[in-house]
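Remarks on the structure that follows.
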Number of protein chains: 2
Amino acid sequence: MSRASDRAYVMIRDMILSGDLPSGAKIGEEALAEQCGVSRTPIREALGRLEAELLIRRSDTQRSYVADWSLEDVEEVFELRGLLESRAARRAATRISHSQIERLKTHHAAIGEAINAPTPDTQQFVEHNHLFHSVILEASASAELTSMLARIIERPIVHRTARNYSFDDLKRSHRQHGELVAAFEQRDPAWAEAVMVSHIRRAFHTYANAHIDQRIPDMSQAAE
Amino acid sequence: MSRASDRAYVMIRDMILSGDLPSGAKIGEEALAEQCGVSRTPIREALGRLEAELLIRRSDTQRSYVADWSLEDVEEVFELRGLLESRAARRAATRISHSQIERLKTHHAAIGEAINAPTPDTQQFVEHNHLFHSVILEASASAELTSMLARIIERPIVHRTARNYSFDDLKRSHRQHGELVAAFEQRDPAWAEAVMVSHIRRAFHTYANAHIDQRIPDMSQAAE
DNA sequence: CCGAGTGTCATTGTATACATTAGGTTCGCA
DNA sequence: TGCGAACCTAATGTATACAATGACACTCGG
């Protein structure tokens with residue numbers, strides 16, 4: 001991968017997700033170039049990617065703004081994600097290898113540890129949660145699904161309120177992962193699909209209720 | 001929109017879809033720049049878009065090749081398209097405006113004319129077919145769905161064999177469009193969704209059987 | 001005082017030159 | 001003759017300069 005444009009992409013994305021660049025903020029290429037320490041060329045490439053991921057919106061005259069997401073927009077993303085990721089789970093059920101199931105179990109166990117630590121290790125939770133879902137996507141062996149989900153998977157976290165999840169939410173997420181593993185071991189597509197639908201659906205409601213339940217701060221990703 | 005990069009995008013895409021650039025062909029930026037009469041900068045932007053649409057594949061060292069699609073890959077695309085476009089139909093059913101329904105009827109009628117002309121007007125069929133589906137997507141009022149479908153909608157036509165559709169196929173497609181209109185007029189989400197699933201599914205089988213039925217050549221897009 | 005028009009400024013689009021890196025070829029040595 | 005290393009070539013990544021275009025403000029006329 002290219003060095004400068006990737007750094008710029010990550011930096012800009014983080015600025016948006018962290019809130020440094022608030023919704024609706026105008027984005028100037030030159031200003032970003034200076035901030036990122038690169039020229040406008042890699043900045044433009046990064047903006048193109050972010051626009052494709054709908055994190056950035058462009059006016060009719062090609063000026064860039066940080067996209068603003070309503071709750072309805074976020075629900076739509078979760079809906080799509082449920083649609084695509086449950087399809088991935090269904091495909092994965094009949095294709096997943098033994099070693100991939102082992103990897104699922106490894107991440108599942110790591111998530112369990114993260115939750116049950118004296119103080120929940122949110123960093124570890126987020127990381128292994130991501131890896132868990134990555135294995136399923138990999139097992140689905142679908143370039144299309146992979147490409148599409150890569151585009152939307154980071155976005156529900158735009159709203160900073162999504163960072164707050166209760167202990168119960170984490171446990172429920174963990175339990176559903178366990179059920180997914182069971183479905184995969186049985187190679188049952190319908191079961192895996194149904195669990196994934198439920199899993200993502202719950203994640204949405206957890207997100208939607210986040211302004212009420214705020215217990216574990218600094219969770220930097222949706223808990224699926 | 002930018003002038004040069006858009007022209008380059010369309011030109012390169014057409015080269016791929018028409019077969020001028022065969023599957024697996026290596027793509028050099030400079031060569032394309034010369035062919036398109038622009039510099040490498042807009043070419044690179046165009047290649048980025050085409051890569052996001054999976055029409056172009058990049059090696060580990062960032063060299064570009066025309067993607068090659070197996071029948072399984074194409075089926076996967078149709079499956080995803082069915083998934084997304086049926087969801088769009090469902091959403092559209094409860095949101096579509098009267099004027100949008102009128103537009104659907106206009107395109108529907110135009111398709112009917114195209115089919116029943118002494119010699120079927122494939123150009124008109126393709127154009128109004130595309131517009132018909134565009135109205136539904138617009139009525140779904142989902143930026144996500146629109147963005148995703150825009151990425152995959154052109155691709156089933158990569159295989160040139162898909163250009164051949166029988167008269168019966170065209171009529172069936174037309175009839176299903178009629179049923180979609182009826183579902184929208186009843187504002188029945190489940191009905192609209194089901195018809196769309198069937199519609200896309202049939203399109204896939206028409207495509208898959210294209211090497212057997214080859215009656216109307218030069219159809220430049222899948223008949224959905 | 002309001003509106004239209006024009007001029008200036010800011011921002012984006014494109015071209016080109018240069019840097020960097022991968023890949024292939026050739027030469028040398030075992 | 002086969003393997004490997006170094007060099008050379010070609011293609012991509014980045015920076016920068018320039019062109020074009022839209023935004024904004026200010027002025028002039030009504």
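The values are calculated or read from the model by the stated rules, or taken from the named source; none is laboratory data. All figures in this text were calculated on a predicted structure; none of them were measured in a lab. Ideal geometry is used to build each Cβ from the backbone, glycine not excepted, and the neighbour counts take in all protein chains shown. Each accessible area value is taken on the protein alone, full model and side chains, heavy atoms only, with ligands, DNA and RNA left out. Shrake-Rupley method; radii C 1.70, N 1.55, O 1.52, S 1.80 Å.
What to note about this one:
Residues are listed down the side, and each one gets a yes or a no for (1) at pLDDT 95 or above; (2) surrounded by 19 or more Cβ atoms within 10 Å (Cβ to Cβ); (3) more than 27 Å from A:GLY28 (Cα to Cα):
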position	(1), (2), (3)
A:ARG44	yes, yes, no
A:SER59	no, no, no
A:ILE96	yes, yes, yes
A:GLN100	yes, no, yes
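Rundown of residues vs (1) buried (at least 17 other Cβ atoms within 10 Å of the Cβ); (2) at pLDDT below 95, yes/no style:
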position	(1), (2)
A:THR119	no, yes
A:PHE132	yes, no
A:HIS159	yes, yes
A:ASP168	no, yes
A:SER198	no, no
A:ASP218	no, yes
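- Of the residues contained in the range B:17-35, one or more are found to be within 30 Å of A:PRO42 (Cα to Cα), crowded, with 20+ Cβ neighbours inside 10 Å, in contact with a strand residue (DSSP E or B) (Cβ under 6 Å, 6 or more places away or on another chain) and not assigned by TED's automatic domain parsing to the domain that holds B:LEU131.
- Residue within the range B:48-55 that is closer than 26 Å to A:ALA150 by Cα and within 14 Å of DNA strand C (Cβ to nearest atom) present: yes
- Reported count of residues in the range A:68-94, each being assigned to a loop (DSSP other than H, G, I, E, B) and more than 19 Å from the chain's Cα centre (by Cα), is 1.
- Filter result for B:ARG13 (within 14 Å of another protein chain (Cβ to nearest Cβ), more than 9 Å from DNA strand C (Cβ to nearest atom) and either of a type in the set (Lys, Arg) or more than 19 Å from the chain's Cα centre (by Cα) (or both)): no
- Failed item in (1) farther than 19 Å from B:GLN62 by Cα; (2) in a helix (DSSP H, G or I); (3) within 13 Å of chain B (Cβ to nearest Cβ); (4) of a type in the set (S, T, N, Q), with A:THR61 passing the rest: (2)
- Some residue of the range A:72-83 being in contact with a helix residue (DSSP H, G or I) (Cβ under 8 Å, 6 or more places away or on another chain), farther than 30 Å from A:ALA190 by Cα and among the aromatic types (Phe, Trp, Tyr): no
- Any hit, the range B:137-149, residues being within 14 Å of chain A (Cβ to nearest Cβ), under 16 Å from the mean Cα position of the chain (by Cα) and open to solvent by 40 Å² or more (accessible area, probe 1.4 Å): yes
- The range B:53-84, residues that are of a type in the set (Asp, Glu) and touching a His at 6+ places or on another chain (Cβ under 7 Å): none
- Residue count for the range B:81-126, restricted to those that are closer than 12 Å to B:GLU138 by Cα and aliphatic (A, V, I, L, M): 7
- Residues (more than 7 Å from DNA strand D (Cβ to nearest atom) and within 14 Å of chain A (Cβ to nearest Cβ)) located in the range B:16-46: B:SER39, B:PRO42, B:ILE43, B:GLU45, B:ALA46
- Within the range A:47-57, considering residues that are within 10 Å of chain B (Cβ to nearest Cβ) and outside any helix (DSSP H, G or I), the one modelled with the highest pLDDT: A:ARG57
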